[in-house]
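I have placed the structure first, in the form of structure tokens, so that the comments after it can refer back to it.
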Amino acid sequence: MIARIWRGATRAEDADVYAEYIRETGMAAYAATPGNLGAYLLYRIEGDRAEILTLSLWESLESIRGFAGQDLERAVFYPEDDRFLIERDPTARHFVVAAAAPAISPD
């Protein structure tokens, strides 16, 4: 299993709205891609900004290519990202998942 991680930031007051936007765009795209095993958007407020982290889990690097294209390191952005993001990493990082605990629901 491979974990794909991306980082960015929004204004603190935009964190919940951006999370909803990503539910409708990025999370939907993850779910529609064969080989995706799940995805999470996390954020934390620090002063006037929210640090954003997306974590998606994949069967293989080839599965990730189905989502990101041939350049696995290139981050995927959506049309309204410019409206929300005050900082963005242009790349995503990939890690082998070496251990896991049972999944829980974020609710």
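Structure notes:
- Within the span defined as region 68-76, one or more residues are surrounded by 11 or more Cβ atoms within 10 Å (Cβ to Cβ), part of a loop (DSSP other than H, G, I, E, B) and among the small types (Gly, Ala, Ser).
- Looking across region 77-100, not a single residue is part of a helix (DSSP H, G or I), open to solvent by 90 Å² or more (accessible area, probe 1.4 Å) and closer than 20 Å to residue 32 by Cβ.
- Once region 1-27 is narrowed to residues that are outside any strand (DSSP E or B) and open to solvent by 50 Å² or more (accessible area, probe 1.4 Å), the residue that is nearest to residue 39 (Cα to Cα) is 23.
- Among the residues of region 42-56, the ones that are hydroxyl-bearing (Ser, Thr, Tyr) and touching a helix residue (DSSP H, G or I) at 6+ places or on another chain (Cβ under 6 Å) come to 2 in all.
The values are calculated or read from the model by the stated rules, or taken from the named source; none is laboratory data. Note that the coordinates shown come from a computational prediction; the quantities given were computed from them, not determined experimentally. Cβ: placed from backbone, ideal geometry, glycine included. Neighbour counts: every protein chain shown. Remember, those area values only see protein heavy atoms, side chains included, never the ligands or the DNA or RNA. Shrake-Rupley method; radii C 1.70, N 1.55, O 1.52, S 1.80 Å.
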